[in-house]
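Q: Dropping a structure here in structure tokens format, bear with me for questions.
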Amino acid sequence: MSLQSSAALRPRRLARWVVLYTLVAAAIGFAALPVYWMLVTAMQRGPDLYVWPPHRLPNPHELGVFYRLFTTQPIGRWLLNSAIVGCGTASLSVALSVLGAYSLSRFRYRGRTAFSFLLLLTQMLPSTVLIVPLFIVFKETHLLNTRLGLVIADTAVIAPITVWILKTFFDTIPTEIEEAGLMDGCSRLDVLRRITLPLSAPAVVAAFAIGFFEAWNEFVFALTFVSDQSLWVTSVGLASWIGYLTTPVEIMMSGAVIFTLPSILLFLALQRQLISGLVAGGIR
Amino acid sequence: MYPMARGLLVSLYDSRSLVPQPGEFAGLANYYRLLHLPELANALRVTVLYTVGTVLLSLAIGMACALLLQSSFPGRGLARAILTVPWGTPLVASALIWYWMYDPQYGLVDFALRSAGVLHANISWLLSPRWALPAVVLVDVWRIFPFGAVVLLTALSSVDQSMYDSARVDGAGPVTIFARITLPTIRPTVMILLLLFTIWSLKRFDTIWIMTQGGPADRTNVLAVEIYREAFRNFRVGIASAIAALGITLSVVATAVYFMLESRHEPAV
């Protein structure tokens, strides 16, 4: 390291560092700019948005936009619906995938490969492929226009991924620990509940978070299966603002800020688990 | 699984209501009609362009970022954190932000390009048949290249440093080192990213639907959007399901190819 920094004083090395920094800055700038622009746009007086050249700094006196957002738009309702569907999806998919993943990880049976093939296949399907058949099924079972319907649809999409997250984690737990439990007279389910699950807490948390944010993000199902405005989730509500020019742009962007913030915070906090989860979901 | 089977069944009906009636059974007619549906050929073409463009660009930029961020310098942690932001942004929020940035009158994209002297007049990016597809591709690239960068960064840190040193002693240049040492080591990660990016781009619906609804003149009409339009705009549910069945078939083939490649590599690992 010290060798490198003394070498950095030489002009050619210096020029290289400048180029390197510029390129990194460009890429980071590209990544950060749209989110920065969302903040800038949210915090402008309405008329200030329609000027050329655009204002490039947020106006600190315009924090009141968030107050206007919650008083003029039903976004509180939408956020609540998103949170309910998110928690429901996360709980249901974790519950199902704990069992599925445990069986995939511990038992050898016919059709195991076929099962993993199907899991990967379901991930490759666009959601729009599923909406017509799901629409029909939900109509027959009276799940249209319910949050439960959304929970079920979202779980169908995310469960394959949470299964893989948990399975890869279960694979790392030595079977000897469980065998000791079995010797002591525990049933398989007891072993799962008392030994395996507590050991897998990090993976379970990651699976829960991924399930929550699948539902938080989800748009197609929510757009198609729920027409009752009081049951709309945030993604559908925000998207409805585009096209009707009645919603001011700064309100639109402040809504996007509120919608994005929890998601980004959680991604930052759980970055490592989410990455390994998504990568594990993509393989095998 | 049940919805999938049900979807296949619907594709055999000539139905205009969402729940087909028994009298509307049409056999394979919908599939025959697909052959003559110009929208389908276009949708397949757009889907391929969209996917290839998104995947290659994201992978290239992500790789470049990872290589640059590999060396330690002040602010590296912050750079990594910023790289998490785009894929933490919900799709609908991304669509809103970019929709506004592409605004033909007050948009940031036009402003930036005009300030840089690249453009002399504003362009309506999302309404231009020429620029709409690149514009929606860019949104997706913005979302997923940082994911690639962070994942590749982790993979790069596992490359044996002593290999670099001995290669440098042997007089290898940076390009040779990358091709002979770095790339072979991180190959599995690159393959996984390739698969993940392909899956994501093939499925992408939200951003495209919100920003262009498949327009202008179907230039951004990917398969996922085409299915939705047939079913919920044109109410040709039978046709939509037939296209969906085609989509499922394509996915089965892609998954099978991936499985075969995987199992061929397995003994070597």
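The values are calculated or read from the model by the stated rules, or taken from the named source; none is laboratory data. Computed from a predicted model, the values in this text were never measured in an experiment. When we count neighbours, we look across all protein chains shown, and the Cβ atoms used for this are built from the backbone with ideal geometry, even at glycine.
Q: Yes or no: B:Arg76 under 17 Å from A:Ala26 (Cβ atoms) and either more than 24 Å from the chain's Cα centre (by Cα) or buried (at least 16 other Cβ atoms within 10 Å of the Cβ) (or both)? Before the answer, list the steps.
A: Numbers: under 17 Å from A:Ala26 (Cβ atoms): yes; either more than 24 Å from the chain's Cα centre (by Cα) or buried (at least 16 other Cβ atoms within 10 Å of the Cβ) (or both): yes.
Yes; evaluated as a whole, the condition is true for this residue.
Q: Another one. Starting from residues that are part of a loop (DSSP other than H, G, I, E, B) and among the acidic types (Asp, Glu), keep the ones in region B:148-178 and report whichever is farthest from B:Thr189 (Cα to Cα).
A: Of region B:148-178, the ones part of a loop (DSSP other than H, G, I, E, B) are B:157-160, B:170-173.
Then keep just the ones that are among the acidic types (Asp, Glu); that gives B:160, B:170.
On the way: B:Asp160: 16, B:Asp170: 27 Å.
The extreme case among them is B:Asp170.
Q: Of the residues B:Leu83, B:Leu78, B:Leu69, B:Leu56, which single one is under 28 Å from B:Leu156 (Cα atoms) and touching a Cys at 6+ places or on another chain (Cβ under 8 Å)? Explain how you work it out, then say what you get.
A: Values: B:Leu78 fails: touching a Cys at 6+ places or on another chain (Cβ under 8 Å); B:Leu69 fails: touching a Cys at 6+ places or on another chain (Cβ under 8 Å); B:Leu56 fails: touching a Cys at 6+ places or on another chain (Cβ under 8 Å).
So the residue among B:Leu83, B:Leu78, B:Leu69, B:Leu56 that is under 28 Å from B:Leu156 (Cα atoms) and touching a Cys at 6+ places or on another chain (Cβ under 8 Å) is B:Leu83.
Q: Now for a separate question. Let me confirm something: among B:Tyr50, B:Tyr32, B:Tyr13, which residue is modelled with pLDDT of 70 or more and among the aromatic types (Phe, Trp, Tyr)?
A: Details: B:Tyr32 fails: modelled with pLDDT of 70 or more; B:Tyr13 fails: modelled with pLDDT of 70 or more.
Just one listed residue meets the conditions, B:Tyr50.
Q: Is it fair to say B:Ser201 is facing chain A (nearest Cβ under 7 Å), touching a residue at least 40 places away in the same chain (Cβ under 8 Å) and either on the phi < 0 side of the Ramachandran plot or not in a loop (DSSP other than H, G, I, E, B) (or both)?
A: Values: facing chain A (nearest Cβ under 7 Å): no; touching a residue at least 40 places away in the same chain (Cβ under 8 Å): yes; either on the phi < 0 side of the Ramachandran plot or not in a loop (DSSP other than H, G, I, E, B) (or both): yes.
When the stated conditions are applied, B:Ser201 does not pass them.
Q: What helices (runs of 4 or more DSSP H) completely inside region B:76-147 contain at least 3 residues that are more than 7 Å from chain A (Cβ to nearest Cβ)?
A: On the way: elements: B:76-88, B:91-101, B:108-115.
Counting at least 3 such residues, we get B:76-88, B:108-115.
Q: Based on what the data block shows, is A:Ile84 surrounded by 15 or more Cβ atoms within 10 Å (Cβ to Cβ) and either over 30 Å from A:Pro248 (Cα atoms) or touching a Lys or Arg at 6+ places or on another chain (Cβ under 9 Å) (or both)?
A: On the way: surrounded by 15 or more Cβ atoms within 10 Å (Cβ to Cβ): yes; either over 30 Å from A:Pro248 (Cα atoms) or touching a Lys or Arg at 6+ places or on another chain (Cβ under 9 Å) (or both): yes.
The answer is yes for A:Ile84.
Q: Follow-up question, since we're still on this one. Quick one: count up the residues across region B:225-237 that are farther than 21 Å from A:Leu238 by Cα and either of a type in the set (A, V, I, L, M) or in contact (Cβ under 8 Å) with a residue 12 or more places away in the chain (or both).
A: Going through region B:225-237 one residue at a time, the tally reaches 7.
Q: Another question, then. Are there any pairs with C-beta distances below 9 angstrom linking a residue in region B:38-59 that is more than 18 Å from B:Ile248 (Cβ to Cβ) to a residue that is among the basic types (Lys, Arg), with the two at least 6 apart or on different chains, and if so which?
A: Taking only residues 6 or more apart or on different chains, the pairs are B:Glu39/B:Arg229; B:Asn42/B:Arg219; B:Val46/B:Arg219; B:Tyr50/B:Arg204; B:Thr54/B:Arg204; B:Ser58/B:Arg143.
Q: Condition first: among the aliphatic types (A, V, I, L, M), facing another protein chain (nearest Cβ under 10 Å) and surrounded by fewer than 20 Cβ atoms within 10 Å (Cβ to Cβ). Now tell me which residues in region A:222-256 satisfy that.
A: Passing the criteria: only A:Ile242.
Q: Being of a type in the set (A, V, I, L, M, F, W, C), on the phi < 0 side of the Ramachandran plot and in contact (Cβ under 8 Å) with a residue 12 or more places away in the chain narrows it down to one of B:Ala217, B:Ala240, so name that one. Before you say what the answer is, go through the steps one by one.
A: On the way: B:Ala217 fails: on the phi < 0 side of the Ramachandran plot.
After applying the criteria, what remains is B:Ala240.
Q: Turning to a different aspect of this structure: Is it fair to say A:Ser105 is away from chain B (no Cβ under 14 Å) and over 30 Å from A:Val257 (Cβ atoms)? First the steps, then the outcome.
A: Values: away from chain B (no Cβ under 14 Å): yes; over 30 Å from A:Val257 (Cβ atoms): yes.
Yes; evaluated as a whole, the condition is true for this residue.
Q: Additional query: Taking only region A:113-138 into account, find how many residues are among the hydroxyl-bearing types (Ser, Thr, Tyr) and without any contact (Cβ under 8 Å) to a residue 40 or more places away in the chain.
A: 2
Q: Scan region A:19-54 for residues that are closer than 26 Å to B:Val141 by Cα and either in contact (Cβ under 8 Å) with a residue 12 or more places away in the chain or more than 12 Å from every other protein chain (Cβ to nearest Cβ) (or both) and jot them down.
A: Our first condition is that a residue be closer than 26 Å to B:Val141 by Cα; within region A:19-54, this holds for A:19-42, A:54.
Matches in region A:19-54: A:Val35, A:Met38, A:Leu39, A:Val40, A:Thr41, A:Ala42.
Q: Then there's this: Tally up the residues in region A:84-133 that are in a loop (DSSP other than H, G, I, E, B) and on the phi < 0 side of the Ramachandran plot, please. Step through it out loud before you land on a result.
A: Let us first name the residues in region A:84-133 that are in a loop (DSSP other than H, G, I, E, B), namely A:107-111, A:125-126.
Still in the list and also on the phi < 0 side of the Ramachandran plot: A:107-110, A:125-126.
The qualifying residues number 6.
Q: Somewhere in region B:117-130, is a residue of a type in the set (Ser, Thr, Tyr) and more than 24 Å from the chain's Cα centre (by Cα)?
A: Narrowing region B:117-130 to residues of a type in the set (Ser, Thr, Tyr): B:124, B:128.
If we keep only those that are more than 24 Å from the chain's Cα centre (by Cα) as well, we get none.
No, region B:117-130 contains no residue that is of a type in the set (Ser, Thr, Tyr) and more than 24 Å from the chain's Cα centre (by Cα).
Q: Related question: Suppose we filter region A:52-80 for residues that are of a type in the set (Val, Ile, Thr) and either closer than 15 Å to B:Tyr102 by Cα or surrounded by 15 or more Cβ atoms within 10 Å (Cβ to Cβ) (or both); how many remain? Reasoning before the result, please.
A: Taking region A:52-80 first, the residues of a type in the set (Val, Ile, Thr) are A:65, A:71-72, A:75.
Keeping just the survivors that are either closer than 15 Å to B:Tyr102 by Cα or surrounded by 15 or more Cβ atoms within 10 Å (Cβ to Cβ) (or both) gives A:65, A:75.
So the answer is 2.
Q: Next up: Determine the pairs where a residue that is without any contact (Cβ under 8 Å) to a residue 24 or more places away in the chain, located within region A:211-226, has a partner that is in a helix (DSSP H, G or I) with Cβ atoms under 6 Å apart, the partner being 6 or more residues away or on another chain.
A: A:Phe219/A:Ser235; A:Phe219/B:Val92; A:Phe219/B:Asp206; A:Leu223/A:Val236
Q: Starting from region B:103-127, keep only residues that are in contact (Cβ under 8 Å) with a residue 40 or more places away in the chain, then list their pairs with residues that are assigned to a helix (DSSP H, G or I) and of a type in the set (A, V, I, L, M) whose Cβ atoms are within a distance under 9 Å, requiring at least 6 positions of separation or different chains.
A: Close Cβ pairs satisfying both conditions: B:Leu126/B:Ala132; B:Leu126/B:Ala135; B:Leu126/B:Val136; B:Leu126/B:Met211.
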